[in-house]
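Enquirer: This is the structure I have questions about; it appears just below.
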Amino acid sequence: METLRAILEAAGRGVLPPADGRTTVVAQASHRDAGVLAFTAHAVVFTDEDPRWVYDTLAAVECDALAAPMNARFLAALLERTGRRSETIDAMLVGSPLPGEPPLPLKEITDGGHPRIVYARRRRDNVRAWTAEGGVLVMGRGIAGRLEVSVEVDEEVRHRGLGRLLVTAARHLVTEPLWAQVAPGNARSMRTFQAAGYRIVGSEALLIAR
């Protein structure tokens, strides 16, 4: 049986679902995360709801069939059905590991009560964080156990390339594909991740348990 973990592991290696216009429905990997992933001409709905309900609801959406899984009406129906909440639709980017040392000095945060770690634990497991002068790098296990990264740069040191250095540094700290979720409207962040070698593989709508 196809699983969400298998789909994401393959996508991280550059093997995307077939561009056949279909929607695959798979079970959630955890109670925390449900949602929709959109690749080129193929969508993946991960939910513990009845797949028949998913397909019937998609068929009733009045839009191009390829767009239906990310259509606002379908997402609203899925949110109501599951009693979950959602924030935005993000672009999915992935970067492969890099050899050698990070391009800037990093100091790991060992205080589990640090605000960035506490915040990240709402969405991820096994969270680790590092500081650099003017910024913070956070990594943890998110959807289906994939390794996810986020960064924060202090306002006074922005526009100096620190964000790119941080997300590049993250690739030097891992031995597996590293995922990032970026709002498409956040052009600055999109450019940062792409400049650091992360590639866009699709989009996602994450449904969060209340």
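Enquirer: Which order do you get for 88, 110, 192 if you rank them by accessible area with a 1.4 Å probe, largest at the top? All intermediate terms of the calculation are to be shown ahead of the outcome.
Expert: Values: 88 65, 110 130, 192 35 Å².
Listed by decreasing accessible area, they come as 110, 88, 192.
Enquirer: Moving to a separate point now. Taking the full set of protein chains and a 1.4 angstrom probe, give the accessible area of residue 53 in square angstrom, rounded to the nearest 10.
Expert: Only protein atoms counted, so the area is about 50 Å².
Enquirer: Computed over the Cα atoms of the range 143-210, what is the convex hull's projected area averaged over all directions, in nm²?
Expert: Values: hull surface 23.1 nm².
Mean projected area of the Cα convex hull: 5.8 nm².
Enquirer: Next up: Counting other Cβ atoms within 10 Å, which GluC sites (Glu not before Pro) in the range 1-80 have at most 14 and lie in a DSSP loop?
Expert: On the way: sites: 2, 9, 49, 62, 80; in loops: 2, 49, 62.
Answer by residue number: 2, 62.
Enquirer: Another question, if that's okay. State the dimensionless ratio Rg/Rh of the chain (Rg: radius of gyration of Cα atoms; Rh: Kirkwood radius).
Expert: Numbers: Rg = 17.7 Å, Rh = 18.0 Å.
With Rh from the inverse mean 1/r over Cα pairs, Rg/Rh is 0.98.
Enquirer: Compare the Cα positions of 193, 206, 57 along the charge dipole of the chain (+1 at Cβ of Lys, Arg; -1 at Cβ of Asp, Glu; about the Cα centre) and return the one farthest towards the positive end.
Expert: Of the candidates, 193 comes out farthest on the positive side.
Enquirer: Separate question: Given Cβ point charges of +1 (Lys, Arg) and -1 (Asp, Glu) and nothing else, what value in debye, to the nearest 20, does the dipole of the range 103-178 about its Cα centre take? Intermediate values should be presented prior to the final figure.
Expert: Working: 13 positive and 10 negative charges, 60 e Å.
Magnitude of the dipole: close to 300 debye.
Enquirer: Using a 1.4 angstrom probe and counting only protein chains, how large is the accessible area of residue 203 in Å², to 10?
Expert: Counting only protein heavy atoms, residue 203 exposes about 30 Å² to solvent.
Enquirer: Counting heavy atoms of the protein chains only and a 1.4 Å probe, report the per residue accessible area for the range 93-210 as a whole number of Å². Could you put the intermediate results ahead of the total?
Expert: On the way: 5920 Å² over 118 residues.
The answer is 50 Å² per residue.
Enquirer: With the full set of protein chains in place, find how many percent of the accessible area of the chain is carbon and sulfur; take the probe as 1.4 Å. Intermediate results must be reported in sequence, preceding the final value.
Expert: Details: 5400 of 10900 Å².
Ligands and nucleic acids excluded, carbon and sulfur give 50 percent.
Enquirer: Where does each of 159, 172 land when they are ordered by accessible area, with a 1.4 Å probe and the largest first? Don't skip to the end; give the middle numbers.
Expert: Details: 159 155, 172 45 Å².
From most accessible down to least: 159, 172.
Enquirer: Quick one: putting +1 on the C-beta of Lys and Arg, -1 on the C-beta of Asp and Glu, what dipole do you get for the chain around its Cα centre, in Debye to the nearest 20?
Expert: Numbers: 26 positive and 25 negative charges, 62 e Å.
The calculation lands at about 300 debye.
Enquirer: Of 109, 172, 25, which is farthest along the charge dipole of the chain in the positive direction, counting Lys and Arg as +1 and Asp and Glu as -1 at C-beta?
Expert: Checking the options against the dipole of the chain, the answer is 109.
The values are calculated or read from the model by the stated rules, or taken from the named source; none is laboratory data. It should be emphasised that the depicted structure is a prediction, and the values quoted were computed from it without experimental measurement. We place every Cβ from the backbone using ideal geometry, glycine too, and count neighbours over all the protein chains shown. Note: accessible area is taken over every heavy atom of the protein model, side chains too, but ligands, DNA and RNA are not part of it. Shrake-Rupley method; radii C 1.70, N 1.55, O 1.52, S 1.80 Å.
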